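One structure is given below, encoded as structure tokens.
The values are calculated or read from the model by the stated rules, or taken from the named source; none is laboratory data. All figures in this text were calculated on a predicted structure; none of them were measured in a lab. Quick reminder, even Gly has a Cβ in these numbers, built from the backbone with ideal geometry, and neighbours come from all protein chains shown. SASA here: full protein model, heavy atoms, side chains in, ligands and nucleic acids out. Shrake-Rupley method; radii C 1.70, N 1.55, O 1.52, S 1.80 Å.
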Amino acid sequence: MGDEWGHSDFGPESALERTVQVGQDLLDMDPEAVRKYSALHAKPDGLVLQYGTAGFRTKAERLDHVMFRMGLLAVLRSKQTKSTIGVMVTASHNPEEDNGVKLVDPLGEMLAPSWEEHATCLANAEERDVWRVLMDISEKAAVNLQQEAFVVIGRDTRPSSERLSQSVIDGVTVLGGQFHDYGLLTTPQLHYMVYCRNSSGRYGEATVDGYYQKLSTAFVELTKQAFCGGNEYRSLKVDCANGVGALKLREMEPYFSQGLSVQLFNDGTKGKLNHLCGADFVKSHQRPPQGMEMKSSERCCSFDGDADRIVYYYSDTDGHFHLIDGDKIATLISSFLKELLVEIGESLNIGVVQTAYANGSSTRYLEEVMKVPVYCTKTGVKHLHHKAQEFDVGVYFEANGHGTVLFSKAAEMKIKQLAKELEDKKRKAAQMLANVIDLFNQAAGDAISDMLVIEAILALKGLTVQEWDALYTDLPNRQLKVKVADRQVISTTDAERQAVTPPGLQEAINDLVKKYKLSRAFVRPSGTEDVVRVYAEADSQESADSLAHEVSLAVFQLAGGVGERPHPGF
Ligand code: G16
């Protein structure tokens, strides 16, 4: 394969993976072929969808045309960037009946905002307009149509995913693109593959084995000191949400098992994807997943359906459940990194990025105790990722457990050089940092990678899960969902902390918040589900629950609620 992007080949092959080279006859874009194939993936009449927080998401049966068209779009994006583009078929934390698709840009990051608009336009085009819209996008984005295109595809374990990823492939091939179908992958693994392929392998080898090797080697190196005598940190219970994370973690375990043994629950052999289990369920219901056997004080964690989120938890000796969410994960990681940076004595700046959902206590702890700057962005890792790129070391986590740490190229080079040059304690600190860089997935939030980082830090610091939890006390909080006729009637500002429309809603929220101590509340339309999300926190769980309920009622009344009125007790 030609190699102006630095690839020696467009992709590795294995018995399980499929690479198809399309015939020369399809290399030229053919409007008739596009029309013909598009009709086989027809758009349901009147359906309008939006490229949301993490791509398109809705009921799987409404997505065939979107998949085909995202295959087309990925080809244009690949031609424009002269890079490999990724397409992931998943609806992550959503129920099994849903599905979704998102495109992955050249460095493994989320699709650029202007292309999200193109995606929405193409997904909603009427059948007769598909070719014209493709040409409009090509013109606006200055796509060189003669350029070759290469797309990599991954999918989760939903029953609909295999068929839908075939529709993506149809879209890619009809526009003359080449592709590599990785089959089942976690979402962060697909992001990793894209990054590897576009960095000429410098980031790693673009195979699942390459991913396992890279992360496990860094983990084993990092934890060597902590694990030499064997200790209590060596076992962890993992709820895999009945998703793809179970398959991948099981495959990966032999690579890191000298440092950690994992016991898998909800591994997809019995239960339904994300049903009463998984990171989203545990975080929003603040209780253990079904199917997990928790003993007092044992460390447990949950992935979500495509393994890009992780939350930890344990139950204390009185049987009380304690959740350790993305905020506390960010705090643990930031304090570990800050200590190492101080030790090596380099003035590399560190910043933490959160969203409005971050617990007020976490922000206070990070700013006042740890003295690290904290920034708030809109929901969606694409926003956090972007902000985190401004720092030498940018830590970003959503409270729901979605996040990672980014190291600037300059910081990475500096640290890796110091790991060779420095002596004694400083050298050890630099070497640890170098391993941490390799252990984090720099392309996207990744439950498996985050889990290994957390396990390494706990082991190295000799921290129990209770000690970690005790860093600060979360303000009691509650998240609810409200059904409205059209969630777009709610628009927000100030990183989603204030509602601009509908009129009167923000004033109503302000009045309700005043009734409670240490309180805060906001509402925003979800970008992955057809609901409005409500968040409230206050000085007691009772107050947080009551405030969340009252705000839900205000949304229901002022934003066109449908169905049953929100009732107390959720
Ligand atoms: C996705 C995004 C996250 C976001 C979440 C909820 O998560 O990747 O950044 O926090 O959706 O978004 P919303 O509140 O707009 O529905 P996942 O794990 O489902 O991909």
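I need the full set of residues from the range 256-284 which are aliphatic (A, V, I, L, M) and modelled with pLDDT under 95, in order please. Matches in the range 256-284: Leu260 only. The set of residues from the range 114-127 being open to solvent by 10 Å² or more (accessible area, probe 1.4 Å), part of a helix (DSSP H, G or I) and touching a residue at least 24 places away in the same chain (Cβ under 8 Å) comprises Ser114, Glu116, Glu117, His118, Thr120, Asn124, Glu127.
Taken together, the criteria place Ser92 among residues that are buried (at least 24 other Cβ atoms within 10 Å of the Cβ), in contact with an Asp or Glu (Cβ under 6 Å, 6 or more places away or on another chain) and of a type outside the set (A, V, I, L, M). Residue count for the range 51-89 under the criterion of being modelled with pLDDT of 95 or more and either within 14 Å of the ligand (Cβ to nearest atom) or surrounded by 24 or more Cβ atoms within 10 Å (Cβ to Cβ) (or both): the result is 27.
Restricting the search to helices (runs of 4 or more DSSP H) fully inside the range 384-492 and requiring at least 1 residues that are more than 16 Å from the ligand (Cβ to nearest atom), surrounded by fewer than 17 Cβ atoms within 10 Å (Cβ to Cβ) and small (Gly, Ala, Ser) gives 409-421. Checked against (1) within 23 Å of Thr404 (Cα to Cα); (2) at pLDDT below 95; (3) more than 16 Å from the ligand (Cβ to nearest atom), Asp28 meets all criteria but (1).
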